[in-house]
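S.K.: One structure is given below, represented as structure tokens, and several questions about it will come after.
Every number in this text was worked out from the coordinates using simple rules, so none of it is lab data. Please read all numbers here as calculations on a predicted model, not as lab measurements. Note: ideal-geometry Cβ built from the backbone for every residue, glycine included; neighbour counts use all protein chains shown.
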Amino acid sequence: MEMPFKPCAMTGRTMKFRHLALNTAAPLAGIAAFAAIAAPAAHADTLVDNVDGIRVDADGSVQRFGAILIDDDGRVEKLYRRGAKLPKDPDYQVDGEGRVLLPGFIDGHVHVSRVGFNAIGLDLSGAATMAEALNRIADYARRNPNKPWIIGRGWNEVVWGLGRLPTAAEIDAAVPDRPVWLIRADDHAGWANSAAMERAGITVATKTPDGGRIERGAGGKPTGVFVDAARQLVETKLPAPLPEERDIALLQAQDIFLKRGITSVADMGTTLLDWQSMRRQADLGRMQLRIVSYADGVDDMVTIAGPGPTPWLYGDRLKLAGLKLYLDGALGSRGAWLSAPYADAPDQTGLQRLSGTQLRNLMSRAAMDDFQVAVHAIGDAANAEVLDAVEEMKDNYPGDRRWRIEHAQVVNPADLPRFGSLGVVASMQPHHQVSDRTMAEARLSPDRLAGAYAWRSILAGGARLAFGSDAPVEVPDVFEGLADAITRQDANGEPFGGWQPQEAISREQALAAYTAGAAYAMGADGKFGTLAEGEWADFVFVTVDPLLASPAQLREGRVLSTWIAGRKVWSAQGNVAAPASGR
């Protein structure tokens, strides 16, 4: 049952509300509804009462409350404990019907445009076998005869049990007449058919670029898979999306996040074209989601923001905060940079995509203009290199820098305390541990995984922990991530007792990492993330109490409605109610 809105007759004010239909089963309908929402503007005080409210600080301390008063700007004015005397004359009142209310979830690491394009394109995630993937590719090509390229993502040869990487010949059998380019589930490798390699001019003589790998067969002939920097050999030939397509993808992504109760995200690798699309939609009043961007390289950083981070724009909905760098690749495609060879590929140690000097120069270039730096590092050698760089640079760039390491999946145990001592934020994704566990054991062997996905050790060392999904690599499901973090088991309860259970964290710590911790990581603490007085009233109504529900119940948790700045922007009931003037 939808929670009712109750204008208060005592004030004598006339309140006007607009009800917008949002069909969550049809994303384009959701986009049309968002397009109709006016630009944010003020409305009267709102009391949301009869709730089972929970707020959590960065240290995991919890406050429960029964009502929240939101001021006319959409900020938290006051929280009321259960049984406390409430204001008698709110201008606007919402009955929470006893439901659980949490701070809006924050996903600390996503790729917004990729989420959107994945939603409107060829999606191979969930394909259990290569045969199923090839059938999807062929079917998509038949349904889109006018597309000059077939582009998709989500394949994973490990899930298929293939025991090897796929080849161009296998796509050729499904789509022989057009170029095909498919991104692996980890976003660090691409799979091309023969037509795509021909279009890109790739032959046996093509040189492997620094920081990349071309999979080759007999006589050095490329087999169709291109890892990390080698992807550019094909991707420079892809047709660029039209601005209209970018806008549709952005709004699709927004709808996906809001449906999951995610009110804010850190967008890792924002390009100038991505930024322009965000600005276009925000100018039109269609931007509800809060996006903190990290530029896809120095050129995009400077072009977008100029001499320093942008101010917060559109009611704190958009900001270019920093720079995203890639130091290595991913474990799945054996691109993660390791200190010793892969157990299942003794001739490989992964890919160092930047030299030590290049890394430090780029970090310095950003830091000198007060941009925050976020560095992708998955392997133990990559994590050590970033930590070394921060240690060398911290005296030259003092103050609250909030250096970020993205993923921090495999770390030498001796390096774990350095996150805290150096003030480095660990931006991690709980479901990576679940989905990568058996693959990680195969790639590294169990004895080398003592510092893998080490959430508790990182917190114990005094570091800040920010959780996210790496969407579209993983589904942005916070309930699943919470269950992963507290059990270190999958949905089937495997492995028994949890994988390296000593690294599981408490429910409070996990919830903090998806709210206050992620807000701190993007420099938004004090603006949103905890429902503290003065912060934006971003919150969600959900079906489960994450501090009390069993892991199985937690995984079944769902969002009932999502609110940003005191306004409902998504509802499971398929409608959104908001003041006519908007906010």
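S.K.: Along each principal axis of its Cα atoms, how long is region 138-180 end to end? Whole angstroms, biggest number first, please.
M.R.: On the principal axes, region 138-180 reaches 34, 18, 13 Å in Cα extent.
S.K.: From the P(r) of the chain, could you give the percentage of C-alpha pairs in the tail past 30 Å? Intermediate results must be reported in sequence, preceding the final value.
M.R.: Working: 87536 of 169653 pairs.
Tail of P(r) above 30 Å: 52 percent of Cα pairs.
S.K.: Over all directions, what mean area does the Cα convex hull of region 304-435 project, stated in square nanometres?
M.R.: Averaged projected area of region 304-435's Cα convex hull equals 9.4 nm².
S.K.: Here's a follow-up. Quote the relative contact order of region 149-204 in percent (integer), defining contacts as alpha-carbon pairs under 8 Å separated by 6+ residues. All intermediate terms of the calculation are to be shown ahead of the outcome.
M.R.: Numbers: 80 pairs, mean separation 20.9, N = 56.
Relative contact order comes out at 37 percent.
S.K.: What FRET efficiency would be calculated for the residue pair Arg64, Val475, taking the C-beta separation as r and a Förster radius of 35 Å, to the nearest 0.05? List each step's numbers first, then the result.
M.R.: Working: r = 29 Å, r/R0 = 0.83.
Efficiency computed from Cβ-Cβ geometry: 0.75.
S.K.: In debye, nearest 20, what is the charge dipole magnitude of region 338-492 about its Cα centre with +1 on Lys and Arg Cβ and -1 on Asp and Glu Cβ, if you could check?
M.R.: On the way: 14 positive and 22 negative charges, 67 e Å.
In total the dipole reaches around 320 debye.
S.K.: Find the eigenvalues of the gyration tensor of the Cα atoms of region 182-248, then list the square roots of 5 times those eigenvalues as equivalent ellipsoid semi-axes, largest first, in whole angstrom. Intermediate results must be reported in sequence, preceding the final value.
M.R.: On the way: eigenvalues 113, 34, 21 Å².
Gyration-tensor ellipsoid for region 182-248: 24, 13, 10 Å.
S.K.: Excluding residues on the same chain fewer than 8 positions from Lys147, give the lysines whose Cα lies under 19 Å from its Cα.
M.R.: The reachable lysines, counting only those whose Cα sits under 19 Å from Lys147, are Lys237.
S.K.: At 10 °C and 1.306 mPa s, grab the translational diffusion coefficient of region 300-373 from Stokes-Einstein with a Kirkwood Rh over Cα pairs, rounded to a whole number in µm² per second.
M.R.: My calculation gives 110 µm²/s for D.
S.K.: Taking 25 Å as R0, compute the FRET efficiency from the Cβ-Cβ separation of Ala442 and Ala169 and round it to 0.05. Walk me through the intermediate numbers first.
M.R.: Numbers: r = 25 Å, r/R0 = 1.02.
So, using R0 = 25 Å, E works out to roughly 0.45.
S.K.: Grab the Cα-Cα distance for Arg558 and Asp72, subtract it from 0.36 nm times how many residues apart they are, and report the gain in nm with one decimal.
M.R.: Using 0.36 nm per residue and subtracting the Cα-Cα distance, I get 172.1 nm.
S.K.: Enter the Cα centre distance for the pair region 379-427 and region 95-155, rounded to the nearest angstrom.
M.R.: If you average the Cα positions of each part, the centres end up 32 Å apart.
S.K.: So for the pair Asp283, Leu548, with labels modelled 7 Å out along Cα→Cβ, what separation do we get in nm?
M.R.: 4.9 nm
S.K.: Taking amide H atoms as placed 1.01 Å from N in the peptide plane, list the residues 5 or more away in sequence, or in a different chain, whose amide H sits under 5 Å from that of Val375.
M.R.: HN-HN under 5 Å from Val375: Leu325, Arg404, Ile405, Glu406.
S.K.: Also: Apply the Karplus parameterisation 6.51 cos²θ - 1.76 cosθ + 1.60, with θ equal to phi minus 60°, to every residue of region 520-528 and state each ³J(HN,Hα) to the nearest whole Hz, in sequence, with x for glycine and proline.
M.R.: 4, 4, 9, x, 10, 4, x, 9, 7
S.K.: If you don't mind, another one. Going 7 Å from the Cα of Glu97 along its beta-carbon direction, which residues of region 545-571 have the amide nitrogen within less than 11 Å of the resulting point?
M.R.: Taking a point 7 Å out along Cα→Cβ of Glu97, the residues of region 545-571 whose backbone N falls under 11 Å are 560-561.
S.K.: When Val227, Val159 are ordered from fewest to most other Cβ atoms inside 10 Å of their Cβ, what list results?
M.R.: Fewest-to-most Cβ neighbours within 10 Å comes out as Val159, Val227.
S.K.: Out of Pro551, Ser561, Gly534, whose Cα points farthest toward the positive end of the dipole of region 527-574 (charges: +1 Lys, Arg; -1 Asp, Glu; placed on Cβ)?
M.R.: Of the listed residues, the answer is Ser561.
S.K.: With the crude spin-label approximation of a point 7 Å out along Cα→Cβ, what separation in nm comes out for Arg142 versus Thr357?
M.R.: Each label point lies 7 Å from its Cα, and together they span 5.6 nm.
S.K.: Would you mind working out the magnitude of the charge dipole of the chain relative to its Cα centre, with +1 at each Lys and Arg C-beta and -1 at each Asp and Glu C-beta, to the nearest 20 Debye?
M.R.: 960 debye
S.K.: Then there is this: Do the sum for the chain: with -39,500 (n - 2.57) for every DSSP H run of n ≥ 4, divided by all residues, what is the mean residue ellipticity at 222 nm, to the nearest 500 deg cm²/dmol?
M.R.: Here the helix-only value at 222 nm equals -8000 deg cm²/dmol.
S.K.: Next question. What do you get for the angle between helix 380-393 and the principal long axis of the chain? Use alpha-carbon atoms, 0 to 90 degrees, nearest ten.
M.R.: Helix 380-393 and the main axis of the chain meet at about 60 degrees.
S.K.: When the chain is fully extended, how far beyond the present Cα-Cα distance does Gln502 get from Met368, taking 0.36 nm per residue of separation?
M.R.: 44.3 nm
S.K.: With a point put 7 Å past each Cα toward its Cβ, work out how far Glu392 is from Asp347 in nm, to one decimal.
M.R.: About 3.2 nm, to one decimal.
S.K.: Write down the Kirkwood hydrodynamic radius of region 353-493, to one decimal in angstroms, obtained as one divided by the mean of 1/r over all alpha carbon pairs. Walk me through the numbers before you get to the answer.
M.R.: Details: mean 1/r = 0.0638 Å⁻¹.
Final number for the Kirkwood radius of region 353-493 is 15.7 Å.
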